1. Filter the stretch 15-41 for residues that are more than 17 Å from R77 (Cα to Cα) and among the charged types (D, E, K, R) and give the result.
2. For the stretch 26-52, give me the residue count where each residue is touching a Lys or Arg at 6+ places or on another chain (Cβ under 6 Å) and surrounded by 13 or more Cβ atoms within 10 Å (Cβ to Cβ).
3. Which of (1) within 21 Å of R77 (Cβ to Cβ); (2) open to solvent by 90 Å² or more (accessible area, probe 1.4 Å); (3) assigned to a loop (DSSP other than H, G, I, E, B) is the odd one out, the single condition L12 does not satisfy?
4. Would you call I72 more than 20 Å from G5 (Cβ to Cβ) and in contact with a strand residue (DSSP E or B) (Cβ under 7 Å, 6 or more places away or on another chain)?
5. Residues of the stretch 53-77 being polar (S, T, N, Q) and open to solvent by less than 80 Å² (accessible area, probe 1.4 Å), which ones?
6. Restricting to the stretch 40-53, and then to whatever is in a loop (DSSP other than H, G, I, E, B) and under 16 Å from W71 (Cα atoms), can you tell me which residue is farthest from the chain's Cα centre (by Cα)?
7. Can you name every residue in the stretch 16-35 that is without any contact (Cβ under 8 Å) to a residue 40 or more places away in the chain, under 14 Å from the mean Cα position of the chain (by Cα), farther than 14 Å from G70 by Cβ and part of a loop (DSSP other than H, G, I, E, B)?
8. For the stretch 54-80, give me each residue that is part of a loop (DSSP other than H, G, I, E, B) and aromatic (F, W, Y).
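The values are calculated or read from the model by the stated rules, or taken from the named source; none is laboratory data. Note that the structure is a prediction, hence the values are computed from the model and not measured. Cβ sites come from the backbone with ideal geometry, for glycine too, and all protein chains shown count toward neighbours. Calculation scope for accessible area: heavy atoms of the full protein, side chains included, ligands and nucleic acids excluded. Shrake-Rupley method; radii C 1.70, N 1.55, O 1.52, S 1.80 Å.
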Amino acid sequence: DDNKGARHQKFLVKINADQTLLFAHNIDLAPRVPLQVGDEVTFSGEYVYNPKGGIVHWTHLDPNGHHVAGWISLNGRKYQ
């Protein structure tokens, strides 16, 4: 977890043999996702490219209503 400023649960998701996505899920605004190695997730959020695969953030509701709400789904439960 990154506890500087707004707290974020950070985790990597392997999308193919060469690329991973870093997720930065704001746990001040959304519940922590109880992930374990090998879990499969679906998600909606904002993707920002980088050569290693990219980062996904805004996986939660925007309390100010200025940003499209995102989410992470694990085992049929949506975390946002």
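1. Selection gives D18, D28.
2. At the first step, the residues of the stretch 26-52 found to be touching a Lys or Arg at 6+ places or on another chain (Cβ under 6 Å) are 27-28.
From what's left, surrounded by 13 or more Cβ atoms within 10 Å (Cβ to Cβ): 27.
Final tally of qualifying residues: 1.
3. With respect to (1) within 21 Å of R77 (Cβ to Cβ); (2) open to solvent by 90 Å² or more (accessible area, probe 1.4 Å); (3) assigned to a loop (DSSP other than H, G, I, E, B), L12 is out only on (3).
4. Numbers: more than 20 Å from G5 (Cβ to Cβ): yes; in contact with a strand residue (DSSP E or B) (Cβ under 7 Å, 6 or more places away or on another chain): yes.
Taking the combined requirement at face value, the residue satisfies it.
5. Result: T59, S73.
6. Applying the first criterion (in a loop (DSSP other than H, G, I, E, B)) to the stretch 40-53 yields 40-41, 45, 49-53.
Now drop any that are not under 16 Å from W71 (Cα atoms), which leaves 40-41, 45.
On the way: E40: 13, V41: 10, G45: 7 Å.
Across the stretch 40-53, the extreme among qualifying residues is E40.
7. Within the stretch 16-35, D28, L35 meet the criteria.
8. Filtering the stretch 54-80 for residues part of a loop (DSSP other than H, G, I, E, B) gives 54, 58-70, 75-76, 80.
The answer is W58, and nothing else.
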